[in-house]
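The values are calculated or read from the model by the stated rules, or taken from the named source; none is laboratory data. Predicted model, so just to flag it, every value in this text is computed and none were measured. Positions of Cβ are backbone-derived with ideal geometry, glycine not excepted, and every protein chain shown enters the neighbour counts. Calculation scope for accessible area: heavy atoms of the full protein, side chains included, ligands and nucleic acids excluded. Shrake-Rupley method; radii C 1.70, N 1.55, O 1.52, S 1.80 Å.
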Amino acid sequence: MLSSFLLIVLVVLVPTTTAFASTPEYVGSKQCASCHENEMKDWQGSHHDLAMAEATEDTVLGDFDDVEFTAHGVTSRFFRKDGKFFVRTDGPDGTLQDYPIRYTFGWYPLQQYLIEFPRGHFQSLGLAWDSRPAEQDGQRWFHLYPNEEGMDHTDPLHWTSREQTWNYQCAECHSTNLQKNYDLASDSYKTSWNEINVACEACHGPGSAHLAWAEQAETVSETAETVKNKGLVVDLADSDGGQWVIDEKTGEPRRTTPRLQHTKIELCARCHSRRGQIWQDYTFGKPLLDTHRLALLDERLYFPDGQIKDEVYVYGSFIQSKMYMAGVTCSDCHEPHSLKLRAEGNAICARCHLPSRYDTPVHHHHEQDTPGAACTSCHMPERPYMVNDYRADHSMRVPRPDLTLSIDSPNACNACHTDQTPQWAQAAVSEWYPDSDYRGKHFGYALHAARTDDPNVGISLLAVAEDKTQPGIARATALDHLAERPRGEYLPAISKLLQDDDPLVRSAAVRFLEQTDVRTQVDQGWLMLEDPVRTVRLDAISLLAPLTRQRLPEKYRTQLEERIEEYKTAQLVNAERPEANLNLGVLAANLGQPVEAEAAYNRALRLDPSFTPAYINLADLYRQTGRDADGEQVLRQGITATPQNPDLYFSLGLLQVRSEQLDGAIDSLSQAAELAPEQTHYLYVYALALDKAGKHEKTIQTLQTVLDREPAHRDAAITLANIHLQRSDEDSARKVLDEIKQQLPQDPQIQAFEQQLSNPTGRPQ
């Protein structure tokens, strides 16, 4: 029998009786120390304790003894003056300036530094200190973006840019009760906190009620259960009494009581996830998706099978794991105050998994006590982020070299055996585990097919979305891909998925409805306005907001308008971001408020003159209001600001086609296609412009290039075949048709065109 885990009681303290203040208040970690001495000792010196600090001799780890470091052609100097720490480096205009260091940020394996700019903006310096020991290549300055070519003060990743503003990007997760206090009119912050670091109340919530209870308690030996029964706390712990044991029949770990809630995990996920904040007031104990939107398995962030690619901060990986589905929580492995593992090496896994079964060469096929014998080497491989910060993949998966061969995801075997091929790794794994269940089926196949534009991927994506044994984050991702290729026959499944238990899936199902007609949106989406989770509601509001321009019964109009106010409030949480103002502009346009939409788009451009979507949306707004000349001016301004952006050239080309500026349109669309060769749609529209201008030979060549790049591009094939027919070249038309039929054998438009081709009287003239 496995020894029981310590019962971790994580509570959020809220007042519910008239004996205490009606609104909980933050009291500070010093108030906690007198009763919770052991927890305080564990916390002190932890990464949470050291998350942020005033820059002092005790907190600054970097070498400021007049040392220089050169990166991206800029030589920076770190020095002291008048007892303060300074760096001389390139500022927002590219010139060298002296900047005082105000705060340290983080501790190990690197430490960053914050510099105060005008209007309360704090910027995170792009040069960081490697705090590892010298023998591990530490104790040195380094640049966080060493491989960014041509990086200078105009780069969006430069330390002075909006992307590196601490108040928005980092602050919420490094201090306690952080209040951003941003003012859009002046683009300024008055950011405040109760404690500069991640202290007790950052996780447990404001403690005034608990403190009042403790001062009045009849005896300090009252149990947590007694406190809970008094109505003074919300329990975020393993209060169901569940423990991990080894099943006598299977030899596998199981929980004595199935876990029914994930509140504690979602509390950690507030910071340990790739997410965006959607609500200012965080309510401890509420679902994560009530205040934050979780990033799905985006191609930039994850490999097709869900392995980590970019920095995703654990949670999005962990919820893919069998551990999560079985009921494992963060504190089963990590002590929540010191943040240390509860055991070292393979011993941490041995708390649940029998060493005699797993910590043996019979299982791992490596020499004992070597790196290959470590559980994490195979099941939690690490990737470096921020240059030297190695993070483990918490999806805790079995190595799958077969997926490397089929969908190009990495595998743990070749991460160590870099001199070997995936075929070699697959042969070894197959020999070791000939009867393994970990073969074949995986949601990664469908996601990879979607990423590579497989025209027949729809059924596979729908199968993943409907499969409740798959992780919710993968199912929601599959639905988003499905929405890119919608078909009417998917709607019955979407209707069911709108009622799914997982809010990630419900949200994605609502987003799918954007591809349907208004009647379907109303019939299927209206009830989602009252979904218990805010993320789902916001997607439903975005979907249904245009209906305010329709005649609605007063009851429904009031309901929708109330929800629209919720949507506006959610966007204003990130009012300093151009994306939020873009969303408000889209909302205003959908509500039939062009003046408000124009103002929102212009605010986005004021915040970031390189923000392409705002130029495009503003130009489109002008199109809708008969102001194409103003739209052309806006697009040209955007091209001046971001001359290498293909989307702006494409939008300008479309505008020029509408205004019969064909020569200009051809030039613009050619630029768009050249700058974005992966966007076959741009090349296709360029071909249409060529055809309209009577440049038929060039049109044929361009359409053939489209089909060479994307053989399943139906519209390009039909257009090319029609051009051949118009030139009385039936053989070439039939060849094009035969090739596209191989790609899309069941496509109704291809079938209709084939009937036209077989019936000379029905052909287009």
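What is the Cα convex hull volume of region 618-765 when expressed per residue in Å³?
123 Å³
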**Asked** Between Q751 and Q368, what is the spin-label point distance in nm, taking each point 7 Å from the Cα along the Cα→C-beta axis?
**Response** 6.5 nm
**Asked** So how long is each side of the chain along the principal axes, counting just the alpha-carbon atoms, biggest first, in Å?
**Response** 94, 65, 64
**Item:** Magnitude of the charge dipole, the chain, Cβ model with Lys/Arg +1 and Asp/Glu -1, debye to 20
**Value:** 1480 debye
**Request:** Quickly work out the H47-to-L491 label distance, labels modelled 7 Å from Cα along the C-beta direction, and quote it in nm with one decimal.
**Result:** 4.9 nm
**Message:** Given an 8 Å cut-off on Cα distances and at least 6 residues of separation, report the relative contact order of region 102-167 as a percent.
**Reply:** 27 percent
**Prompt:** Given region 503-569 reduced to its alpha-carbon atoms as identical point scatterers, what log10 I(q)/I(0) does the Debye formula return at q = 0.23, 0.29 Å⁻¹?
**Reply:** -0.96, -1.43
**Message:** Charges on Cβ only, +1 for Lys and Arg, -1 for Asp and Glu, centred on the Cα centroid of the chain; of Y189, S758, V67, which one is farthest towards the dipole's positive end?
**Reply:** S758
**Request:** Can you tell me the 0 to 90 degree angle between the C-alpha axis of helix 748-758 and the longest principal axis of the chain, rounded to 10?
**Result:** 20 degrees
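Give me the net charge of A425's neighbourhood, meaning all other residues with Cβ under 10 Å from the Cβ of A425; Lys, Arg count +1, Asp, Glu -1.
0
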**Message:** Can you compute the label reach from D58? Point 7 Å from Cα along the Cβ direction, backbone N cut-off under 15 Å, restricted to region 187-201.
**Reply:** 196-197
**Fill in**
Of region 121-159, those with amide N under 12 Å from the point 7 Å along the Cα→Cβ vector of Y390 are 136-137
**Request:** Compute, for D281, the solvent-accessible surface of its heavy atoms (probe 1.4 Å) with the complete set of protein chains present, and express it in square angstrom to the nearest 10.
**Result:** 100 Å²
**Request:** Enumerate the aspartates and glutamates that K84 could reach by cross-link, defined here as Cα to Cα under 15 Å, with residues fewer than 8 away along the same chain left out.
**Result:** E54, E57, D58, D63, D65, D66, D98, E116
**Item:** Fully extended contour minus Cα-Cα distance, from K322 to Q243, at 0.36 nm per residue
**Value:** 26.7 nm
**Item:** Contour excess over end-to-end distance, with Cα ends at D729 and E660 and 0.36 nm allotted per residue
**Value:** 21.9 nm
**Request:** With a cut-off of at most 13 other beta carbons within 10 Å, and DSSP calling the residue loop, which GluC sites (Glu not before Pro) in region 118-161 qualify? Please list them.
**Result:** E149
**Message:** Tell me which trypsin sites (Lys or Arg not before Pro) from region 523-590 have a DSSP coil assignment and no more than 15 other beta carbons within 10 Å of their own.
**Reply:** R551
**Message:** Among G276, I308, S377, which residue has its Cα furthest toward the positive end of the charge dipole of region 244-383, with +1 on Lys/Arg Cβ and -1 on Asp/Glu Cβ?
**Reply:** G276
**Reachable lysines from K190, criterion Cα separation under 19 angstrom, eight or more residues apart if same chain** = K180
**Request:** Compute the distance in nm between two label points, each set 7 Å from the Cα along the Cα-to-Cβ direction, one at D65 and one at T520.
**Result:** 7.0 nm
**Prompt:** Which Cα, out of G472, L125, T89, lies furthest along the positive dipole direction of the chain (beta carbon charges, K/R +1, D/E -1)?
**Reply:** G472
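Length gain on complete extension for the stretch R714 to A185, per 0.36 nm per residue less the alpha carbon to alpha carbon distance?
185.6 nm is the gain from fully extending R714 to A185.
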**Fill in**
Once normalised by the length of the chain, the mean sequence separation of its alpha carbon contacts under 8 Å that are 6 or more apart gives a contact order in percent of 8 percent
**Message:** Explain nothing, just the number: dipole magnitude of region 570-714 about its Cα centre with +1 on each Lys and Arg Cβ and -1 on each Asp and Glu Cβ, in debye rounded to the nearest 20.
**Reply:** 120 debye
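Apply 1/(1 + (r/R0)^6) to the Cβ-Cβ distance of T95 and T640, taking R0 = 30 Å, and write down the FRET efficiency to the nearest 0.05.
0.80
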**Request:** Could you give log10 I(q)/I(0) at q = 0.15, 0.23, 0.25, 0.28 Å⁻¹ for region 376-422, computed by the Debye formula over C-alpha point scatterers of equal weight, without solvent?
**Result:** -0.39, -0.85, -0.95, -1.07
**Prompt:** Just from its helices, what would the mean residue ellipticity at 222 nm be for the chain, if runs of 4 or more DSSP H residues each count -39500 (n - 2.57) and the sum is divided by every residue, rounded to the nearest 500 deg cm²/dmol?
**Reply:** -12000 deg cm²/dmol
**Asked** Within a Cβ distance under 15 Å of G316, other residues only, what is the Lys/Arg minus Asp/Glu net charge?
**Response** +1
**Item:** Anchor K322: lysines whose Cα lies under 16 Å away (excluding residues fewer than 8 positions away in-chain)
**Value:** K441, K468
**Prompt:** Can you give the convex hull volume per residue for the Cα atoms of region 443-591, as a whole number of Å³?
**Reply:** 120 Å³
**Complete:** In whole percent, the fraction of accessible protein surface over region 461-535 that belongs to carbon or sulfur atoms, probe radius 1.4 Å, stands at 51 percent
**Prompt:** Just how much of F69 is accessible, in Å², when a 1.4 Å probe is used and the result is rounded to the nearest 10?
**Reply:** 50 Å²
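Once Rh is set to the Kirkwood radius over Cα pairs, what Stokes-Einstein translational diffusion coefficient, in µm²/s, holds for region 686-765 at a temperature of 25 °C and a viscosity of 0.890 mPa s?
Here the translational diffusion coefficient equals 195 µm²/s.
Please report the net charge: other residues with Cβ closer than 15 Å to the Cβ of F142, K and R +1, D and E -1. Don't skip to the end; give the middle numbers.
Details: positive: R132, R140; negative: D63, E68, D130, D137, E148, D389.
Spelling it out: positives minus negatives among the neighbours equals -4.
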